[in-house]
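Working notes for the structure below.
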Amino acid sequence: MSNSVFEAAQQLAAQVVEWRREIHRHAELSFEEHRTSALICQVLDQHGISYKKVAGTGVLARIDGRTADPIHPVVLRADMDALPITEASGLPFACTDGAMHACGHDLHTSALLGALVLLQARRETFDGTILGLFQPGEELWPGGASIVLKEGVFDGKEPRAFVGGHVSPELKVGQIGLRSGTFMASTDEIHITVHGKGGHGGLPHLLKDPVLATSAMIVAMQQIVSRNNYAFTPSVLSFGRVIADGATNIIPDQVEVEGTFRTMDEEWRKEAHRRIREVAEQTTAAYGCTAEVDLMVGYPCVLNDERLTATAREVAAETFGAQAAVDIPRRMTAEDFGSYSVRYPSVFFRWGVECDIPLHNAAFVADERAIPYGVAMLAAMALRLSGCAE
């Protein structure tokens, strides 16, 4: 494939940057992406691209090539939502409404818009059908992907491929990060309420201390991974929120705990859920307390199809140069793109926006020079998978 797709993406870059900044300035939280959705629809209308609404604020665009094949489409997916973070990037187009595109979804959405505009102009060069899925709510359980699938958007279809991408501050502009097989972890939310009997901190013998019971429980939980999991199976069990609403001399009646469990093996995932409940209930019982455990099963692992990953490597090299495709390690972060990848052949790549500040940070700033790379990678993959020899 020649670099003409990249050249076209570079020509579109100024317009895509404008879309990106508008989306960034008006960042919207999960399942509230009304303004973003309206912008997407406006652009699609301007370029004669058909679409329908899905999953509330989501949009599913459709481009037919020389011959339509809606049963076997290539699906390009981007997420739309922002995070509940007060932005501290210093950008002139920073959001001031208490939300922030600190995970790059503004770049994902604008890059997919650019790719669809590019593909619409080339619809006489490929066969089949290309779908552009602008998906809401990736950041919030149960995830927009699960809602898209629950609505039956792809029922009766056999997609040739799902293709998605995510910005990466660790990679340089122009680099496309790829890994075949299990790429990103599953993720589950853990919510535990430990009930005891509170009272005066100076009279602990009269109480059933839920703070002490919770402390012991959290320490015991760490042995679930270290002593129950096969050492070569990646797993993480972390607790990030503990609320014991007492005072210096007041022990509360209950403690609330929230955490996350992530792994890359579905059988172990089920067993770990059982052990989390068991350890919570039995450890707190040893302190005369009880534990109420709510395990919210979240996203599955992101699985990169071996053939599609190899194709993505070829496309990246042909589109951006031989050194563009780089190997990257597995990640214990999660993505609801996994809901597609466990059903359909899929590939999820990372594209570099080189930044010293990580994602989900209030000061994160993506390098906008990366935008045409995201546009071109999505478009070039769609063209390759649709039989275009360009």
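DSSP assigns beta bridges within the range 24-156; of those with both partners inside it, close to 65 percent run antiparallel.
Taking the C-alpha atoms only, the angle from helix 210-228 to the longest principal axis of the chain is near 50 degrees.
Look at the dipole of the chain built from charges on Cβ: of ILE40, MET217, VAL148, the Cα furthest out on the positive end belongs to VAL148. The helix-only estimate of mean residue ellipticity at 222 nm for the chain, built from DSSP H runs of length n ≥ 4 each weighted as -39500 (n - 2.57), is -11000 deg cm²/dmol after division by the residue total.
On a per residue basis, the chain carries 41 Å² of accessible surface, using protein heavy atoms and a 1.4 Å probe. The chymotrypsin sites (Phe, Trp or Tyr not before Pro) of the range 226-309 that DSSP puts in a loop, and whose beta carbon has at most 11 other beta carbons within 10 Å, are TYR230, PHE232. Within the same chain, lysines fewer than 8 places from LYS53 are excluded, and of the rest, those with a Cα less than 25 Å from its Cα are LYS150, LYS157.
Carbon-plus-sulfur fraction of the accessible area of the range 15-83, 1.4 Å probe, in percent? Carbon and sulfur: 49 percent of the exposed surface of the range 15-83. Along the axis of the charge dipole computed for the chain (Cβ charges of +1 for Lys and Arg, -1 for Asp and Glu, origin at the Cα centre), the listed residues LEU359, ALA272, ALA88 are led at the positive end by ALA272.
Considering only alpha-carbon pairs that sit under 8 angstrom and 6 or more positions apart, the relative contact order computed for the range 191-344 is 29 percent. Placing unit charges on each Cβ (+1 for Lys and Arg, -1 for Asp and Glu) gives the chain a dipole about its Cα centre, and among GLY201, SER339, ALA102 the Cα reaching farthest toward its positive end belongs to SER339. Taking the DSSP beta bridges with both ends in the chain, the antiparallel portion is around 70 percent.
Charge dipole (Cα centre; +1 on Lys/Arg Cβ, -1 on Asp/Glu Cβ; no other charges) of the range 219-303 amounts to roughly 320 debye. In the range 88-199, the portion of solvent-accessible area held by carbon and sulfur atoms comes to 49 percent [1.4 Å probe, whole percent, DNA, RNA and ligands not counted].
The values are calculated or read from the model by the stated rules, or taken from the named source; none is laboratory data. Worth saying up front: this structure is predicted, and the values here are computed from it rather than measured. Methodologically, a virtual Cβ is constructed for each residue, glycine included, from the backbone with ideal geometry; neighbour enumeration extends over all protein chains shown. Ligands, DNA and RNA are excluded from the accessible area calculation, which covers all protein heavy atoms including side chains. Shrake-Rupley method; radii C 1.70, N 1.55, O 1.52, S 1.80 Å.
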